[in-house]
Amino acid sequence: MAKRPTRVAFVSSEIAPARWLPQLETALPEMRFEAWPEVANAQAVDVALVAAPPAGVLGRFSNLRFIQSLWMGVDGLLSDPTLPRGVPIARLVDPGMVAAMSETVVARVLDWHRHLYRYRAQQAAREWKPLKQFMATDRTVGILGLGALGVDAATKLAALGFRVCGWSRRRKTIPGVFCHTGTEGLETVLRQSDVLVCLLPLTAATRGIVDARRIDLLPSGACVINLARGAHVVEHDLLAALDAGRLSHAYLDVFETEPLPDDHPYWNHPQVSVTPHIAALTEPRTALAKVVANLERFARGETPEALVDTASGY
Ligand code: NAP
């Protein structure tokens, strides 16, 4: 008997199906793709390909066997109470997105290290005032999260000459990077970090991790770069530390509420640089091969790559 084709539903409130489906249909002609809500028979769907799926939709696919995310972070997906339990979820580890994130990290670190944010303010005030030069070797960059994104950024910063330390749950060995774990390891990283970069997944254990107590451990005049999720940083504590001069600057790409509300103090704060959650976007040119390979693995009955450990939340 001929094998029934794998049925894949594309479910996203943020990405147009036209960005993905034509290439997927070409790469996987043996599979059947449909974009929600134009799914003829929800019970026949085997796989959901998702990016910010509307709450409740995945619960309608009663025979779902695999969820492939088109994003690297899955906190939003896991917080949907209607997410079908027990269905394996793979996140996307996209080489283009990893490269984009490292460019964003390096750009922010260099902006701070070379005082460019201060020279922009000086230009606005027509002020000609050279500031003290530091070498990359004078600065320590601490990276919270040494996963797909953190390792790449750490390695590139180390290649530029920065002293780099990092923190993860399980012990890591990364050439040129001082790696730490545990509560003590976090404190060691914080005490040394002239620049603190957050690249953690948002989980119960990491929510609010950058709070007043931990900001206080950073060297005076340090800089915070949050490119992971807004809820990693306690906004009130960050603003208080900036206003008190404990921190010199914050580069923020992610926020508790997105889009950032019109009246939020970050917008006009002289020590805050805001970007609209663009640190790294999914890049279909590099991500397509990863998604195709994982759908093929699923269809062959193999374990897909980059499966999420739902107990750990990432
Ligand atoms: P990943 O590969 O899963 O790596 C996560 C890292 O965080 C790992 O090193 C992990 O430790 C560590 N970690 C997790 N929980 C921890 C804890 N409780 N204590 C210490 N370390 C902990 O994730 P990724 O692909 O690098 O992505 C990280 C996050 O970046 C995503 O979850 C997403 O939210 C965010 N992101 C943002 C954008 C943007 O445009 N702003 C784009 C893409 C992703 P182990 O290595 O020991 O597991």
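Things worth noting here:
- For the chain, share of DSSP beta bridges that run antiparallel, in % to the nearest 5: 5 percent
- Taking Arg19, Arg163, Arg114 as the candidate residues, the one with maximal mean-square fluctuation in a Gaussian network model of the chain, Cα springs under 10 Å, is Arg19.
- Full extension of the chain segment joining Arg65 with Trp267 gains 68.4 nm, where the gain is 0.36 nm per residue of separation less the Cα-Cα distance.
- Solvent exposure ordering (accessible area, 1.4 Å, most first) of Asp243, Asp152: Asp243, Asp152
- Segment 95-274 has equivalent-ellipsoid semi-axes of 24, 20, 16 Å, by the square roots of 5 times the alpha carbon gyration tensor eigenvalues, sorted largest first.
- A 1.4 Å probe run over the protein chains yields, for the chain, 49 Å² of accessible area per residue, whole-number rounding.
- Counting all C-alpha pairs of the chain, share separated by more than 37 Å (%): 24 percent
- Candidates Ala55, Ala124, Ala289, ranked by Gaussian network fluctuation over the chain, Cα under 10 Å, top entry: Ala124
- Apportionment of accessible area to carbon and sulfur, the chain, percent (1.4 Å): 55 percent
- Calculated log₁₀ intensity ratio I(q)/I(0) where the Debye formula runs over C-alpha points of segment 158-242, q = 0.16, 0.21, 0.26, 0.27 Å⁻¹: -0.61, -1.07, -1.52, -1.59
- Highest-MSF residue in the chain out of Asp216, Asp237, Asp262 [GNM, Cα springs under 10 Å]: Asp262
- This model, with +1 at the C-beta of Lys and Arg and -1 at the C-beta of Asp and Glu, gives segment 203-314 a dipole about its Cα centre of some 380 debye.
- Were the residues from Thr257 through Gln43 laid out at 0.36 nm apart, the gain over their Cα-Cα distance would be 73.6 nm.
- Alpha carbon centroid spacing (whole Å) that separates segment 83-139 from segment 1-54: 36 Å
- Residues in segment 136-170 that a label on Arg191 would reach, taking backbone N under 14 Å of a point 7 Å out along Cα→Cβ: none
- By DSSP, the beta bridges lying fully in segment 95-274 are antiparallel in about 5 percent of cases.
- Heavy atoms of Met135 accessible to a 1.4 Å probe, total area in Å² rounded to 10: 110 Å²
- Most to least accessible of Lys290, Lys132 (protein chains only, probe 1.4 Å): Lys132, Lys290
- Point-to-point label distance, Gln123-Glu25, nm (Cα→Cβ direction, 7 Å offset): 4.7 nm
- Approximate shape of segment 168-314 as ellipsoid semi-axes (Cα gyration tensor, √5λ), whole Å, largest first: 32, 21, 13
- Solvent exposure of Ser312, expressed as accessible area, is near 30 Å², computed with a probe of 1.4 Å over the protein chains only.
- Phe178 contributes an accessible area of around 100 Å² to the protein surface, as traced by a 1.4 Å probe with all chains present.
- Within straight-line cross-link reach of Lys290, lysines at Cα separation under 26 Å, skipping those fewer than 8 residues along the same chain: Lys3, Lys156, Lys172
The values are calculated or read from the model by the stated rules, or taken from the named source; none is laboratory data. Please read all numbers here as calculations on a predicted model, not as lab measurements. So basically every Cβ, Gly included, is an ideal-geometry build from the backbone, and we count neighbours across all protein chains shown. Only protein heavy atoms, including side chains, enter the accessible area calculation; ligands, DNA and RNA are left aside. Shrake-Rupley method; radii C 1.70, N 1.55, O 1.52, S 1.80 Å.
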